Amino acid sequence: MRAVRRNNATGSFSWIGSDGWSARNLVSDGNEPEVEGTLSVQPQANPVRGFEEYFLNLTVESNRRNPWFVEFWEGHFHCRYPNSSLTPYNKDYKKECDITERLHRDNTAFEGQLQFVSDAVMAFAHAFRDMHHELCKGRAGLCDAMKPIKGTELLKYLRKVTFKGLSGDNFRFDPNGDGPARYNIIHFKQTSPGKFQWIKVGEYMEGELRLNMSEIQFKLGHPQPPESVCSLPCDVGQAKKFVEGESCCWHCFNCTQYQIQHPVDETQCLTCREGTVPDASRVTCREIPEVFLRPESGPAIGAMSLSSTGILITLFVCGVFVRHNDTPVVRASGRELSYVLLTGILLCYCVTFALVLRPTDVVCGIQRFGAGFCFTVVYAALLTKTNRIARIFNAGKRTAKRPSFISPRSQLFICSGLVGVQVLINGVWILVSPPRAVHHYPTREDNHLVCSSHIDASYMIAFGYPILLIIVCTIYAVLTRKIPEAFNESKHIGFTMYTTCVIWLAFVPLYFGTGNHVPLRITSMSVTISLSASVTLACLFSPKLYIILVHPERNVRQSMMPVRYNATKSPAVTGTTQTGSMMAAVICNQQKQPFHSTGPQQSGSSQGLDSGLQSDGVDLELREDVVHQLQRRHQPRLLVNRSTQTMTVGVSNNSSNANCPNSQPQQPQQQQQSIAKLTTTCHIINSSSNGPISISATQQKQQIKDVQL
């Protein structure tokens, strides 16, 4: 304690004392500030009944058993007893002891641990008694069996003793050979400024500790116990790392951002599984809320609004087409493929509602099948149309024979076959990799609920075949771009495909660039699908709706005719003067036949180029009896009107007769002979109907003399 004072460390230590300190004044006297707050254990001992009275009545004359009592008397009264022996302890005493002096409570202090001496003596006494009783069978004195007394034998009896001591406490040895563990917990505290004392604050009785914490005061005015610099409790989110060789001292280390304290092992941290993060107390892992495109979110509402508008417009177009189903514009547009196209457009808009639903296995299957299927229906119909246009005009350059597979039924079969490829692809894909709704964790903070095909590029399997159809349709649109005035909707189809390609070129990088933002990725997909459908709907059907609703006077058979029969531009055949987008392709086939009565009739060699989806077009067979009384040979000339892009076959004279390109002039000497009839079969293909337009017999007869091609 003096060393603590010298180093000015008073108050820096809290002492734990063994039973050697046990309220000894030797420790505390003069060192009170340094010892303040000490906790010590003291063996619990009760007074031995009758010993105090017995000892206080002893005198040197009455003592018969203690040979050291004279020395005790001299030391107690600081005198030398008469006739006592000289010892190192009494040689300095000059005073002679008074035999009348007596011991009393005021001048005598008794040792508080006297009970243990008494219990020890009583334990041996009981052991000897039990041993004598068992070996000597009750005979007085030591029997031969106890001569000499063996320590190992005595120890066995000593361990078994049980008695009530002179203090009134029961005594026995535990299995380890120790006496009863009874201790008082004493505390050295400053009860008031400058006043210190030892007080009892608890006890330990045979394994049970009872402590009165309210009585413990380590410093005056500071009732809280001091903190241990060796074993401070770890903070939230920390684990212990014990000092090597120590069980009470440790270092605290922080768990990582996504770890919590281990619920069992305080020396370890537990990592939260994916989709969970530690709570604020870092005791448990909480679930991260699922992220998916919710129908009530802004992007979903926007996508559904666009799709709903498209659905209403598509249904309106369907209603108009059904109401005017038998009108020339609808019939000329190819009704079957038009309805297939409208069905595909309607499916494109409907897919959006499947994309905004909460992902489940069923919803994922619908998304996977529907996204590619709706596009396939649209572009299969467009590809069928553009392919037919290209084949008709390519065939017209080589032969007058009708191309194969251009009838309405053939076109439907071709379109169904193209759609069937997509169905087969989706079926195999679903069998190989069934659609599943899974949790995706792009980062440790994310918990996305998505369809499994959204995680990687596998979703593009659904779009691979439609993209191929788009590319092929675009190629056909380029190949048919030079057809005069964009025959057979090729101009509109071409513009549709160019715009679609731009939309998809923008969508693909956006789709792969938003892998960590599921709502944006799905929204971009739905908007792309709706935009593609809207472009197709606007480019291909708005011109037809314009004629049907705004200019119904053009929705007649004569206005579908792109050719003009005479110089007066008869309205029966001057469709090009009414609508600039309607032109005709004329394929002429000539053969010499004997003359017979005129009248429009079907040529056996050419059944007419089917209208694409409406087979109501009739081949226009124009028969003309021509008597050429020419004075000189002349060749026909092909005239092209750049403003109307119509073709006229002319001759050197001013004759108003129009002939097909291969007609031969007649010689003058053949004027009086029977004249062979020049039969010219012309297939007139309307630009919007993909097929020929029938012309009435009356009109043919009236205009037979002057046909401009």
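Among the residues of the range 189-200, are any over 60 Å from the mean Cα position of the chain (by Cα) and either among the hydroxyl-bearing types (Ser, Thr, Tyr) or farther than 24 Å from Asn31 by Cα (or both)? Yes: the range 189-200 contains one or more residues that are over 60 Å from the mean Cα position of the chain (by Cα) and either among the hydroxyl-bearing types (Ser, Thr, Tyr) or farther than 24 Å from Asn31 by Cα (or both). Within the range 269-319, the set of residues being over 17 Å from the mean Cα position of the chain (by Cα) and in a loop (DSSP other than H, G, I, E, B) comprises Asp279, Ala280, Ser281, Arg282, Val283, Thr284, Pro295, Glu296, Ser297. For the range 278-293, a residue qualifies if it is touching a strand residue (DSSP E or B) at 6+ places or on another chain (Cβ under 8 Å) and surrounded by 18 or more Cβ atoms within 10 Å (Cβ to Cβ), and the qualifying residues are Pro278, Arg282, Cys285, Ile288, Phe292.
Suppose the filter is part of a loop (DSSP other than H, G, I, E, B) and either among the hydroxyl-bearing types (Ser, Thr, Tyr) or closer than 30 Å to Glu206 by Cα (or both); does Val60 pass it? No.
Here Ser118, Ser192 are screened, and the one residue that is polar (S, T, N, Q) and in contact with a Gly (Cβ under 8 Å, 6 or more places away or on another chain) is Ser118. Within the range 207-233, the residues that satisfy the criterion of being in contact (Cβ under 8 Å) with a residue 60 or more places away in the chain and either aromatic (Phe, Trp, Tyr) or in a strand (DSSP E or B) (or both) are Phe218, Lys219. Taking the conditions exactly as written (within 30 Å of Thr384 (Cβ to Cβ), touching a residue at least 12 places away in the same chain (Cβ under 8 Å) and not in a helix (DSSP H, G or I)), does Arg481 satisfy them or not? Here the answer is yes, as Arg481 does meet what is asked. Considering only the range 94-104, I want to know if a residue exists there that is exposed (fewer than 13 other Cβ atoms within 10 Å of the Cβ), touching a helix residue (DSSP H, G or I) at 6+ places or on another chain (Cβ under 7 Å), at pLDDT 85 or above and not in a strand (DSSP E or B). Among the residues of the range 94-104, at least one is exposed (fewer than 13 other Cβ atoms within 10 Å of the Cβ), touching a helix residue (DSSP H, G or I) at 6+ places or on another chain (Cβ under 7 Å), at pLDDT 85 or above and not in a strand (DSSP E or B), which makes the answer yes. Of the residues making up the range 146-171, not one is in a strand (DSSP E or B) and more than 21 Å from Ser118 (Cβ to Cβ). Scanning the range 385-434 for residues that are over 17 Å from Leu337 (Cα atoms), not in a helix (DSSP H, G or I) and not hydrophobic (A, V, I, L, M, F, W, C) returns Thr399, Lys401, Arg402, Pro403, Ser404, Ser433, Pro434.
The values are calculated or read from the model by the stated rules, or taken from the named source; none is laboratory data. Nothing here was measured: the structure is a model prediction, and the numbers come from that model. Because the Cβ atoms are built from the backbone with ideal geometry, glycine has one as well, and the counts that use them run over all protein chains shown.
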